[in-house]
Amino acid sequence: MHIKVLRDDLLNGVGPIQAVVETKRSLPILSHLLLETSPPCLSVFGTDLDVGVRKRVPGQVLKEGSIALSARKLYEIVRELPATSVDLTVDVDLTATITCGSSEFRIKGLSRDDFPTMREPKQKGIVLDRRLFRDMIRRTLFAVSSDQTRYTLNGILFRVTPTDVRMVATDGHRLAMTTIDCDVIKDGSPIEAIIPRKAAAETLKLLREEPGEITIEVSENHLLLQTDDTLIDARLIEGQFPNYEQVIPANATKEVTVNREAFLAGLRRTSTVLGERALPTTMKLTPGKLLLSCVNLDLGEARERLDVEYQHEEMSMGFNARYILDFLGVLTTEQATIRLQDPLSPALFAGKDDKRYTCVIMPMRI
């Protein structure tokens with residue numbers, strides 16, 4: 001095998017994928033990346049058997065071949081190379097020689113025969129805007145549960161119907177849901193899959209903020225995501241996602257409108273006295289005003305007053321401030337709205353004039 005590539009192109013291929021592989025697996029091959037010529041480019045593939053990623057790296061193929069190299073060591077080497085052309089050769093003993101400028105490295109590799117194979121797209125799949133798909137993940141990933149006993153909550157529900165595409169995540173204390181209206185499937189049954197947290201997080205990193213499309217295929221309990229230079233293969237979570245629609249408050253008629261930036265800053269400031277303890281932040285509403293207050297018997301207390309649009313009776317509720325901060329951190333509208341029913345019922349957070357993205361947060365007793 002012999003190929004010439006630019007260092008930056010090789011780093012863009014190796015860097016994101018080396019984060020996917022597992023270094024502590026019982027199978028040593030899984031700590032490696034498979035480098036394989038696929039004229040006119042180099043293919044870089046890594047997997048932990050649950051998530052696999054393959055990227056195409058442009059280059060000049062002088063001799064075809066393949067080798068599996070340590071993901072961590074390859075990344076560390078390429079990262080330190082100067083930004084110029086890299087010459088990569090592999091001999092019959094599976095030793096890779098990497099030459100760049102005045103630097104030369106020789107690394108022992110493994111045969112591609114021991115490397116897992118990657119699924120290839122079989123169907124046409126559905127096509128979505130890449131940035132839109134990435135934004136849907138970003139708006140729901142924070143609400144995924146880390147409780148391993150509730151396995152179906154350890155991922156994002158991805159549902160496609162003839163009228164819309166939806167993502168939902170919940171950990172039992174909050175629920176994030178984003179929906180876009182589109183007709184990507186003309187007929188047939190709705191598509192429904194639970195994307196694991198790691199697969200969603202790695203997809204978020206791999207899909208750069210640039211225009212383009214992504215092709216999505218769900219088959220045989222796997223999700224295949226394909227862009228112009230990247231293929232992601234994720235094993236889906238088996239099981240039934242809970243009925244999330246029943247927790248969305250239908251009788252929350254009291255609405256609060258608040259400036260997103262002011263709300264975000266106020267919560268950050270008052271949260272400084274909470275420390276690591278999961279103490280509630282009290283929100284006291286009076287017409288036109290919102291008082292945020294936190295009390296920590298070990299440290300002290302903090303208060304913040306905000307101007308809001310609210311014309312109902314006085315009400316006080318307690319929330320985990322981190323949950324609200326997570327929501328506000330991915331909200332893009334200038335104004336946020338909160339719909340309330342009473343101090344012990346779930347609150348519905350959304351963007352002003354943007355009902356495509358909502359977050360339900362359970363209150364805490366104060």
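The values are calculated or read from the model by the stated rules, or taken from the named source; none is laboratory data. The structure displayed is predicted, hence computed values, not measured ones. Virtual Cβ from ideal backbone geometry, glycine too; neighbours counted across all protein chains shown. Protein only, heavy atoms only, side chains kept; ligands, DNA and RNA dropped before computing areas. Shrake-Rupley method; radii C 1.70, N 1.55, O 1.52, S 1.80 Å.
From the set of residues in the stretch 25-42 that are assigned to a strand (DSSP E or B) and open to solvent by 50 Å² or more (accessible area, probe 1.4 Å), which is farthest from His2 (Cα to Cα)? Break it down into steps so the answer makes sense when it comes.
Taking the stretch 25-42 first, the residues assigned to a strand (DSSP E or B) are 32-38, 41-42.
Next cut, open to solvent by 50 Å² or more (accessible area, probe 1.4 Å) only: 36, 38.
Values: Glu36: 10, Ser38: 12 Å.
Applying the filter and picking the extreme gives Ser38.
For the subset of the stretch 142-169 comprising residues that are under 21 Å from Ala350 (Cα atoms) and more than 14 Å from the chain's Cα centre (by Cα), which member is least open to solvent (accessible area, probe 1.4 Å)? Break it down into steps so the answer makes sense when it comes.
Within the stretch 142-169, the first condition is being under 21 Å from Ala350 (Cα atoms), and the residues that meet it are 142-145, 156-159, 164-169.
Right, trim to more than 14 Å from the chain's Cα centre (by Cα) and you get 159, 164-166.
Working: Arg159: 73, Asp164: 31, Val165: 0, Arg166: 48 Å².
Going through the qualifying residues, I end up with Val165.
Taking (1) out of contact with any Lys or Arg (no Cβ under 7 Å at 6 or more places or on another chain); (2) farther than 17 Å from Ser85 by Cα; (3) open to solvent by less than 40 Å² (accessible area, probe 1.4 Å) in turn, Phe45 satisfies each apart from (1). Taking the conditions (1) open to solvent by 10 Å² or more (accessible area, probe 1.4 Å); (2) assigned to a strand (DSSP E or B); (3) at pLDDT 95 or above in turn, Ala262 satisfies each one other than (2). Filtered by the rule that a residue be buried (at least 16 other Cβ atoms within 10 Å of the Cβ) and more than 21 Å from the chain's Cα centre (by Cα), the stretch 310-326 gives Tyr310, Met315, Met317, Gly318, Phe319, Asn320, Ala321. Please verify whether the stretch 2-24 includes one or more residues that are outside any strand (DSSP E or B), more than 21 Å from Asp233 (Cβ to Cβ), touching a strand residue (DSSP E or B) at 6+ places or on another chain (Cβ under 7 Å) and open to solvent by 30 Å² or more (accessible area, probe 1.4 Å). Yes, because at least one residue in the stretch 2-24 is outside any strand (DSSP E or B), more than 21 Å from Asp233 (Cβ to Cβ), touching a strand residue (DSSP E or B) at 6+ places or on another chain (Cβ under 7 Å) and open to solvent by 30 Å² or more (accessible area, probe 1.4 Å). Pairing each residue of the stretch 75-96 that is assigned to a loop (DSSP other than H, G, I, E, B) with any residue that is open to solvent by less than 40 Å² (accessible area, probe 1.4 Å) and of a type in the set (Val, Ile, Thr), provided the two are 6+ apart or on different chains, yields C-beta distances under 9 Å for Leu81/Ile98; Asp91/Thr97; Leu94/Ile67.
Being buried (at least 18 other Cβ atoms within 10 Å of the Cβ), out of contact with any Asp or Glu (no Cβ under 8 Å at 6 or more places or on another chain) and over 23 Å from Thr179 (Cβ atoms) is a condition met by no residue of the stretch 327-343.
The strands (runs of 3 or more DSSP E) located wholly in the stretch 301-366 that include 1 or more residues which are of a type in the set (Ser, Thr, Tyr) and touching a residue at least 24 places away in the same chain (Cβ under 8 Å) occupy 315-319, 335-340, 354-361.
A quick yes/no check of all residues on (1) assigned to a strand (DSSP E or B); (2) open to solvent by 70 Å² or more (accessible area, probe 1.4 Å); (3) more than 21 Å from Val44 (Cα to Cα):
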| position | (1), (2), (3) |
| --- | --- |
| Thr178 | yes, no, yes |
| Ile185 | no, no, yes |
| Ile194 | yes, no, yes |
| Ala201 | no, no, no |
| Pro211 | no, yes, yes |
| Leu231 | yes, no, no |
| Asn251 | no, yes, yes |
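Across the stretch 117-129, a minimum of one residue is classified as surrounded by fewer than 17 Cβ atoms within 10 Å (Cβ to Cβ) and among the hydrophobic types (A, V, I, L, M, F, W, C).
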